[in-house]
1. Looking at Leu31, Leu78, Leu43, Leu65, which one is within 13 Å of the chain's Cα centre (by Cα) and aliphatic (A, V, I, L, M)?
2. Condition first: open to solvent by 30 Å² or more (accessible area, probe 1.4 Å), under 19 Å from Glu174 (Cβ atoms) and either out of contact with any His (no Cβ under 8 Å at 6 or more places or on another chain) or small (Gly, Ala, Ser) (or both). Now tell me which residues in the stretch 143-157 satisfy that.
3. Condition check: over 21 Å from Asn16 (Cα atoms), at pLDDT below 95, open to solvent by less than 80 Å² (accessible area, probe 1.4 Å) and not in a loop (DSSP other than H, G, I, E, B). Does Ala182 satisfy that?
4. Can you find even one residue in the stretch 77-91 that is aliphatic (A, V, I, L, M) and not in a helix (DSSP H, G or I)?
5. Hey, any hits in the stretch 126-139 for a residue that's over 20 Å from Leu51 (Cα atoms), touching a His at 6+ places or on another chain (Cβ under 8 Å) and either among the polar types (S, T, N, Q) or in a helix (DSSP H, G or I) (or both)?
6. I'm trying to understand the selection: among the residues of the stretch 141-177, which are assigned to a helix (DSSP H, G or I) and farther than 28 Å from Arg120 by Cβ?
7. Which number in (1) in contact with a helix residue (DSSP H, G or I) (Cβ under 6 Å, 6 or more places away or on another chain); (2) part of a helix (DSSP H, G or I) marks the one condition that Gly117 misses?
8. Six or more apart or on different chains, Cβ under 9 Å: which pairs go from a residue in the stretch 22-39 that's surrounded by fewer than 17 Cβ atoms within 10 Å (Cβ to Cβ) to one that's not in a helix (DSSP H, G or I)? Could you list them?
Amino acid sequence: MGTRKQAVLDAIDAANAQDPHMEDGQPSELLYGQRMSAELDRLFPNASDALQIAARGQHVERWKLKRTEYPEGRAGYLAWRKAQGVYHADVVQGFMEQAEYRADQIEAVGQMLRKQGIKRNAEVQALEDVICFVFLKWYFAPFAAKHSDEKIQRIVEKTAFKMSAEGRARVLDEFDLPEALAGAFRD
């Protein structure tokens with residue numbers, strides 16, 4: 001692994017190690033970043049350095065922008081999510097600048113983290129597919145246990161909509177979903 005890329009990944013991990021929220025005995029966002037990298041390696045083994053950095057930095061310091069600081073409801077949630085993407089991009093791009101990455105590589109990672117070009121840019125879409133797989137693999141069951149069937153169905157439909165056709169097909173191959181949920185992943 002290149003020393004520049006490793007320096008950026010280490011900086012992301014060091015930032016996420018400060019997360020006060022714990023999961024499985026580790027800071028939550030540190031664990032999330034590791035899961036993102038592992039899933040990226042599995043789904044896209046030839047991923048570019050930029051995509052590897054974006055995957056690891058997807059939730060860098062996520063706890064710093066609190067959902068409670070934004071209005072209730074969908075509009076507030078979407079504003080919070082957008083602000084998160086901008087914040088994650090700024091932090092990771094700063095780490096890349098310190099590691100002396102080229103401006104075009106830094107901007108590519110920023111675009112991925114801000115979700116600019118989903119459905120149009122292959123790397124932005126690959127990152128979104130990885131995000132969806134990580135959600136389904138590690139976070140969906142606890143989420144589903146807390147919510148109504150109707151909300152679960154809406155979330156699954158939104159998840160499927162964000163994914164590429166290839167990603168949706170892999171979900172159907174890899175996850176044993178009830179038919180009502182599996183239908184969202186069929187073309």
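1. Residue meeting the stated conditions: Leu31.
2. Result: Phe143, Glu157.
3. When the stated conditions are applied, Ala182 does not pass them.
4. no
5. No, the stretch 126-139 has no match at all.
6. Ala141, Pro142, Phe143, Ala144, Ala145, Lys146, Asp149, Glu150, Lys151, Ile152
7. Just one mismatch for Gly117, condition (2).
8. What qualifies is Gln26/Ala17; Gln26/Asp19; Gln34/Gln26.
The values are calculated or read from the model by the stated rules, or taken from the named source; none is laboratory data. Because the structure is predicted, anything quoted here is derived from the model rather than measured. Cβ coordinates were reconstructed from backbone atoms using ideal geometry, including for glycine residues, and neighbour counts include every protein chain displayed. Heavy atoms of the whole protein, side chains included, go into the accessibility calculation; ligands, DNA and RNA do not. Shrake-Rupley method; radii C 1.70, N 1.55, O 1.52, S 1.80 Å.
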